[in-house]
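Asker: The following block contains the structure, expressed as structure tokens.
The values are calculated or read from the model by the stated rules, or taken from the named source; none is laboratory data. What you are looking at is a predicted structure, and each value in this text was computed from that prediction instead of being measured. FYI the Cβ positions are ideal-geometry reconstructions off the backbone, even for glycines, and counts take in every protein chain you see.
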Amino acid sequence: MSGATSPHPGLTRRNFLKTTGLVAGAAVAGSAALPTLTALAEDTQPMHKGDQIFHSACVPNCENTCRLKLTVRDGKLVKATAGDFPNNEYKRICLKGMSHVFRTYHPDRIKYPMKRVGERGSGEWERISWDDAISEITECWKRLHEQYGKQSILFFNGTGNVGVSTCSGIPTKFMNAMEGSKTTGVFDYNAVTGFQRTIGFAFSVFWNQNEIVDVKNAKNLFIWGANMPDSQPHNWHFMREAQEQGTKIWFIDPKFNTGASKADEYIPVRCGSDTAVMMAMMRLIIERDWIDREFCRDHTVAPFLVKNDGLFLRESDLGGAGEDYVVVDAKTHKEMLLAEASDPELFGEFDVGGYHVKTALTMLKEVVDEFSPEYAEKLSTVPAAKIEELAEVYALDGPNTIFTLFGPDRFYNGHFFSHAMAAMAGITGNIGKPGASIGEHVLWTYLSGGTLNTPTKGRATAIASGEAVDVIRTGKYRGKDYPIKAIYACTSNFIGNYSDQNAWIDALMTPDCIDLFVVADFHYTDTVRFADIVLPPAYWFEKEDVTGNATHPYAIMQEKCIEPLFESKTDAEIINLLAEKMGLGEYFQQSDIEYTEEALKKSKAAVANNVTIERLRKEGAVRCLPGDDDNPFIFAEGGVFPTPTKRLEFYCEKPTSFAKDPKFDPSIEHLPHFIPPLEAWPENDLYQKYPLVFLQDHTRWRMHTQWAYDPVLRELDPEPVAYLSPQDAEKRGIKRGDLIRIFNDRGQIVVKALISKGLPPGVVNCPKGWQRDQYVAPGSFQELTQRTSTPASDNHIQFDVLVEVESYKEGDK
């Protein structure tokens, strides 16, 4: 088998069914085997004789990880419906989950090991055996080890499959055993950085929020930078049910979208200016004495004294033997240990033991004093009177919850957004209580790492994700020789999802840059198209595993419901084969489920909640958070935070850089600040050339680039589009349905124009996730994005982007 192999963007559900063997098998069982998509979602159709029911989970990184009920007939998967939970408030399924049948049996699923025969990126392949594939890969790796060192092999392990064994599991164990290279976090770490440094995390860096069912206890729900109906439809119902019970929903976002249309009040905000609004809200809260003094005193660092060097004043600074914090007593006006003070000063500037100090709350006040509501209005376009209303409601009309996802995170200043949110929650006491919450809510808890994922003395070396492509091209990292000569990617379409796509393609196409590029994936993604060898992994339902990554509080058993199709192998089997050839076989003998069983035994969270393979096999879904269905988990309940001080640290004493960036300046990271976006800001000189901010919606039709070729979803969402405001469209002579070219100095994209009054002038919104071959001209949305990262968090800032738009005619360059 050789020649070009590529997806069929025009494939419909009807001709898809004609091209697969699924229809033939289903016809034997009866005409109802493959009904319409709506019927697939229903669980009311009669069972057929011989039908088998299995339970698994949908495991992309949409974060909900819905439990699935799978029907198998004659050895073939024929239906996916919503599976039961102990608490069926979490029982949901979306369009993507319903369409798993079509994804499993897609005619362009990668069936066999394939080797490139044409130019890299040409899409020309020939089938090879597993033995030949493994031998060719490992022989190259051994040569590179000898010639360039072990770090010369770069591993990409993404979140395209969040089963325990696959997501940061066996692939992480392998890259550590190989002592190769890996990239640091790419997305979402702006939000993580701001929350982690202030409120800590309970189980993982992505969970520091009350359990989602608690939202009904909030009097006000501020949905800030998160279009829930489209990006998390499985959780949106909790918000709507709370609204029906009296919770007021305030929706703050640059775009009037589906979520905004259902809110009680929509507040448009300029892209990347959200932190300025919060800074002004905090100024009003402090100057009008709307703070929760008791919460500030007992549960935040507000009374802590800060020295000129940025550190808290401690007993040892005054000649004592201990490290207790020193405060000033409000009654005696003298210094004393925090443990002994019943009423420490919250505000003030003092001279104590030869040190000139200020309370942490005083320092916060000084930072926010610059942000009058009028000044914040100029920055954000939110009226000053509305900022004042927001501040008063948030401070005085609680308990209140702020729900956010990763919209503000995608700007250079994104980590200060979550830092400011934590500070505002702390000074008002809107955290650690039923109905009062901020933060993230994704449970990444089960993999213990440590000895499980480091079987040898070595481990993989992390390089900053934004710098990785430059390391590949130059062979240097931060001034030192660092050759990268091979890449191995699994559960990761990084070419399709990473910023500045053309830089990656150029590096891969540069002669003598990368000797061998290997990808394990189901479909011919943008990453697969540039590979030298492609390996076919088993699909999610073709192996046994457990998932513990979710916005709900359950670990879910993933039952194997069908045999691996064609010549696919599980991720564990693939890595075991590679490890054996690399002389690491003694460490890689486990199946996916055997690895997971060991991981659960070594996980503190799993042990604490009695999450075992035996129990999961029996019950299917096991709660893995404290609390129960009647008493949901409350983060930092009672005001006890998982931070060094056990308090909410809106003043971060020792800020650190996630990627150890040498440009990191800790002196400006102690407190929240507003800094303008790096690129997408009117004061940027580039704005004259590229006057539109480029946003990329996370829609219900894809999970990042997953489901890009699903035939059913492509009937509903057939082609790439971009939304313009009526003003911007008219200015450029663009009408609905016109082809337009969106471009900047980094690249371009050609899509169909739609006109939306929900967009403010100066913004173009392009739903993300399409692959390069799905556009009418060469290009991709990721060509336009930039890979500059904030030194604090190494987070790609994919919305911090400026573009221009013009009409396009087919044949134009």
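The rows are residues; the columns are (1) closer than 23 Å to H523 by Cβ; (2) surrounded by fewer than 23 Cβ atoms within 10 Å (Cβ to Cβ).
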residue	(1), (2)
A462	no, yes
G466	no, no
D470	no, yes
G475	no, yes
A489	yes, no
I495	yes, no
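Here is a yes/no grid of residues against (1) β-branched (V, I, T); (2) surrounded by fewer than 16 Cβ atoms within 10 Å (Cβ to Cβ); (3) at pLDDT 95 or above:
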position	(1), (2), (3)
V712	yes, no, no
A722	no, no, yes
Q727	no, yes, yes
E730	no, yes, yes
G733	no, yes, yes
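Asker: Just to check your reading of the model, which residue among P642, P682 is surrounded by fewer than 20 Cβ atoms within 10 Å (Cβ to Cβ) and either aromatic (F, W, Y) or more than 23 Å from the chain's Cα centre (by Cα) (or both)?
Answerer: Exactly one residue qualifies, and that residue is P682.
Residues are listed down the side, and each one gets a yes or a no for (1) of a type outside the set (G, A, S); (2) in a loop (DSSP other than H, G, I, E, B); (3) modelled with pLDDT of 95 or more:
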position: K660; (1), (2), (3): yes, yes, no
position: H670; (1), (2), (3): yes, yes, yes
position: P676; (1), (2), (3): yes, yes, yes
position: A680; (1), (2), (3): no, yes, yes
position: T699; (1), (2), (3): yes, yes, no
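Asker: How do the pairs read when you match residues in region 351-365 that are without any contact (Cβ under 8 Å) to a residue 60 or more places away in the chain and within 17 Å of R293 (Cα to Cα) with residues anywhere that are of a type outside the set (A, V, I, L, M, F, W, C) and surrounded by 19 or more Cβ atoms within 10 Å (Cβ to Cβ), using Cβ under 7 Å and keeping only pairs 6 or more apart or on different chains?
Answerer: Short answer, once both residue conditions are applied: T359/P303; T359/E345.
Asker: Continuing with this model, one more query. Going by what's in this entry, would D351 be described as assigned by TED's automatic domain parsing to the domain that holds I286, surrounded by fewer than 18 Cβ atoms within 10 Å (Cβ to Cβ) and not in a loop (DSSP other than H, G, I, E, B)?
Answerer: yes
Asker: Please indicate, with yes or no, whether at least one residue in region 737-753 is of a type in the set (D, E), touching a Ser or Thr at 6+ places or on another chain (Cβ under 9 Å) and not in a strand (DSSP E or B).
Answerer: Taking every residue of region 737-753 in turn, at least one turns out to be of a type in the set (D, E), touching a Ser or Thr at 6+ places or on another chain (Cβ under 9 Å) and not in a strand (DSSP E or B).
Asker: Taking into account only those residues within region 769-788 that are buried (at least 21 other Cβ atoms within 10 Å of the Cβ) and hydrophobic (A, V, I, L, M, F, W, C), which is nearest to Y723 (Cα to Cα)?
Answerer: My answer is F781.
Asker: Here's a follow-up. Which residue out of Y375, Y412 is touching a residue at least 12 places away in the same chain (Cβ under 8 Å), buried (at least 23 other Cβ atoms within 10 Å of the Cβ) and out of contact with any Lys or Arg (no Cβ under 6 Å at 6 or more places or on another chain)?
Answerer: Testing whether each residue is touching a residue at least 12 places away in the same chain (Cβ under 8 Å), buried (at least 23 other Cβ atoms within 10 Å of the Cβ) and out of contact with any Lys or Arg (no Cβ under 6 Å at 6 or more places or on another chain) leaves just Y412.
Asker: How many of the residues making up region 735-750 are buried (at least 18 other Cβ atoms within 10 Å of the Cβ) and under 20 Å from Y687 (Cα atoms)?
Answerer: 9
Asker: Regarding region 448-470, can at least one residue be identified that is modelled with pLDDT of 90 or more, within 27 Å of Q798 (Cα to Cα), in contact with a Cys (Cβ under 7 Å, 6 or more places away or on another chain) and of a type in the set (A, V, I, L, M)?
Answerer: Checked against the condition, which is being modelled with pLDDT of 90 or more, within 27 Å of Q798 (Cα to Cα), in contact with a Cys (Cβ under 7 Å, 6 or more places away or on another chain) and of a type in the set (A, V, I, L, M), region 448-470 yields no hits at all.
Asker: Would it be correct to say that T258 is under 25 Å from K96 (Cβ atoms) and modelled with pLDDT under 95?
Answerer: Yes: the conditions hold for T258.
Asker: Quick one: in region 543-584, of everything that is among the acidic types (D, E) and touching a residue at least 40 places away in the same chain (Cβ under 8 Å), which residue is farthest from Y595 (Cα to Cα)?
Answerer: E567
Asker: Can you pull out every residue in region 305-319 that is loosely packed, with under 13 Cβ neighbours inside 10 Å and either farther than 20 Å from Y651 by Cα or of a type in the set (S, T, N, Q) (or both)?
Answerer: Selection gives N308, S316, G319.
Asker: Any idea which of (1) in contact (Cβ under 8 Å) with a residue 24 or more places away in the chain; (2) on the phi < 0 side of the Ramachandran plot; (3) crowded, with 18+ Cβ neighbours inside 10 Å is the one E597 doesn't satisfy?
Answerer: Status for E597: all satisfied but (1).
So that you can scan it fast, the table gives a plain yes or no per residue for (1) closer than 26 Å to F195 by Cα; (2) among the polar types (S, T, N, Q):
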| site | (1), (2) |
| --- | --- |
| S667 | yes, yes |
| I675 | yes, no |
| Q688 | no, yes |
| Y709 | no, no |
| L724 | no, no |
| I734 | no, no |
| N744 | no, yes |
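Asker: Starting from residues that are in a helix (DSSP H, G or I) and among the polar types (S, T, N, Q), keep the ones in region 216-236 and report whichever is farthest from H698 (Cα to Cα).
Answerer: N217
Asker: Give me the pairs, please: first residue somewhere in region 682-699 and touching a residue at least 60 places away in the same chain (Cβ under 8 Å), second residue anywhere and in a helix (DSSP H, G or I) and of a type in the set (S, T, Y), beta-carbon distance under 9 Å, and either six or more positions apart or on two chains.
Answerer: Partner pairs satisfying both residue conditions: D697/S231; H698/S231; T699/S231.
Asker: Here is a follow-up. Collect the residues in region 211-235 that are under 21 Å from the mean Cα position of the chain (by Cα) and surrounded by fewer than 20 Cβ atoms within 10 Å (Cβ to Cβ), keeping them in residue-number order.
Answerer: Answer for region 211-235, where residues must be under 21 Å from the mean Cα position of the chain (by Cα) and surrounded by fewer than 20 Cβ atoms within 10 Å (Cβ to Cβ): P229, D230, P233.
Asker: Related question: Please work out which residue is farthest from the chain's Cα centre (by Cα), limiting yourself to region 89-101 and to residues that are of a type in the set (A, V, I, L, M, F, W, C) and crowded, with 22+ Cβ neighbours inside 10 Å.
Answerer: Here the residue is V101.
Asker: Please determine whether any residue of region 562-576 is touching a Leu at 6+ places or on another chain (Cβ under 7 Å), at pLDDT 95 or above and surrounded by fewer than 24 Cβ atoms within 10 Å (Cβ to Cβ).
Answerer: Yes - at least one qualifying residue is present in region 562-576.
Asker: Now, a different point. Among the residues of region 791-800, is any closer than 30 Å to S667 by Cβ and out of contact with any helix residue (DSSP H, G or I) (no Cβ under 8 Å at 6 or more places or on another chain)?
Answerer: Yes - at least one qualifying residue is present in region 791-800.
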